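Single-structure report; data block below.
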Amino acid sequence: MRKPLLVLFGLLLCLVVAATAADLSGTWNADVVLDAGSGTATFEFKQSGDTLTGTYSGALGEAKVTGTVNGDEVTWTFEHDEAGKIVYKGKLEGGKIKGTVEYGQLGKGTFTATKK
């Protein structure tokens, strides 16, 4: 009798987690602080399951973005001809994404993104 209850509880827990997973689709404005200075970036995301796609626009122009979502953790990247590979890694915290960023040859830093 105990095993069926545990299985049922496990299934319910999975459903609750799946139902509360954040959808990052939409426009996000990011404040970025790098070793070389600070600025802003805008991301337009579309999330399908754990896959993130979209666009970046900011000081480096525009670029296509790809990434992944794993629970409240998110990573996305894009390429720039001069700066190289740009990598954002963050965690969803109260409607914002906060984390670290590596801007290729321009240095490392932090960011906070807010959904528009």
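Look at (1) exposed (fewer than 13 other Cβ atoms within 10 Å of the Cβ); (2) out of contact with any Asp or Glu (no Cβ under 7 Å at 6 or more places or on another chain); (3) not basic (Lys, Arg) and you find that Trp76 fails only one, number (1).
Of the residues making up segment 86-116, those that are touching a strand residue (DSSP E or B) at 6+ places or on another chain (Cβ under 6 Å) and either among the acidic types (Asp, Glu) or without any contact (Cβ under 8 Å) to a residue 60 or more places away in the chain (or both) number 13. In summary, Glu102 fulfils each of the numbered conditions (1) among the charged types (D, E, K, R); (2) modelled with pLDDT of 95 or more; (3) not in a strand (DSSP E or B) with the single exception of condition (3). When restricted to residues that are surrounded by fewer than 20 Cβ atoms within 10 Å (Cβ to Cβ) and within 16 Å of Thr42 (Cα to Cα), segment 79-94 contains 4.
The values are calculated or read from the model by the stated rules, or taken from the named source; none is laboratory data. Predicted model only: the values in this text are computed from it and were never measured. Positions of Cβ are generated from backbone atoms using ideal geometry, with glycine treated the same way; all protein chains shown enter the neighbour counts.
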